Amino acid sequence: MYKDKRRAIPLLPISTVMGLTNLTARQIRYYEEHHLIEPLRPDGNRRLYSLNNIDELLEIQELLEQGINIAGIKIVFSLKKEANSKMYKGRRLQDINFRKMIEEELEQS
């Protein structure tokens with residue numbers, strides 16, 4: 001859980017993100033305009049990106065390479081977000097290893 005929180009901390013400027021993803025600043029801003037990523041803007045116009053944002057950008061690139069357009073990517077991200085917010089017996093599915101949870105339940109039965 002702590003690792004997930006660390007990955008969500010926005011620390012990286014756009015220049016670093018460009019180097020890590022091989023995207024241009026314009027491409028990154030375009031994905032932000034379409035609400036595919038949400039960098040933090042702590043002091044006005046400067047954007048800071050998290051490792052999670054990097055993962056999202058890399059996933060966008062992969063989906064585009066597979067021929068999925070921006071509208072399709074929005075749907076994919078929306079479905080992922082919905083799946084990540086699902087609850088099972090009061091626990092968020094993204095926060096636990098589902099297989100381990102099922103094994104624990106089987107042991108208790």
Mean separation of Cα contacts under 8 Å (6+ apart) over length of the stretch 35-82, as relative contact order %: 28 percent
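Relative contact order, percent, of the stretch 1-81 when contacts are C-alpha pairs under 8 Å separated by at least 6 residues?
Numbers: 66 pairs, mean separation 25.9, N = 81.
For the stretch 1-81, the relative contact order is 32 percent.
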Does the stretch 1-63 come out rounded, prolate or oblate by the C-alpha gyration tensor, with a ≥ b ≥ c the root eigenvalues, rounded set by a/c under 1.5 and, if not, prolate when a/b is larger than b/c and oblate if not? oblate
In nm, to one decimal, how far is the modelled label at Leu64 from the one at Asp4, with both set 7 Å along Cα→Cβ? 2.9 nm
Under the rule of at least 5 residues apart or a separate chain, name every residue whose amide H is placed under 5 Å from the amide H of Ile37. Glu32
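Report in % the part of the accessible area of the stretch 1-73 that belongs to carbon and sulfur, leaving out ligands and nucleic acids; probe 1.4 Å. Mind dumping the intermediate values first?
Numbers: 2450 of 4640 Å².
With neighbouring chains kept in place, the figure for the stretch 1-73 is 53 percent.
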Between Arg47 and residues 5 or more places away or on another chain, the pairs with built amide H atoms under 5 Å apart involve Ile14
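The values are calculated or read from the model by the stated rules, or taken from the named source; none is laboratory data. Note that the coordinates shown come from a computational prediction; the quantities given were computed from them, not determined experimentally. Virtual Cβ from ideal backbone geometry, glycine too; neighbours counted across all protein chains shown. The area values use the complete protein model at the heavy-atom level, side chains included, leaving out ligands, DNA and RNA. Shrake-Rupley method; radii C 1.70, N 1.55, O 1.52, S 1.80 Å.
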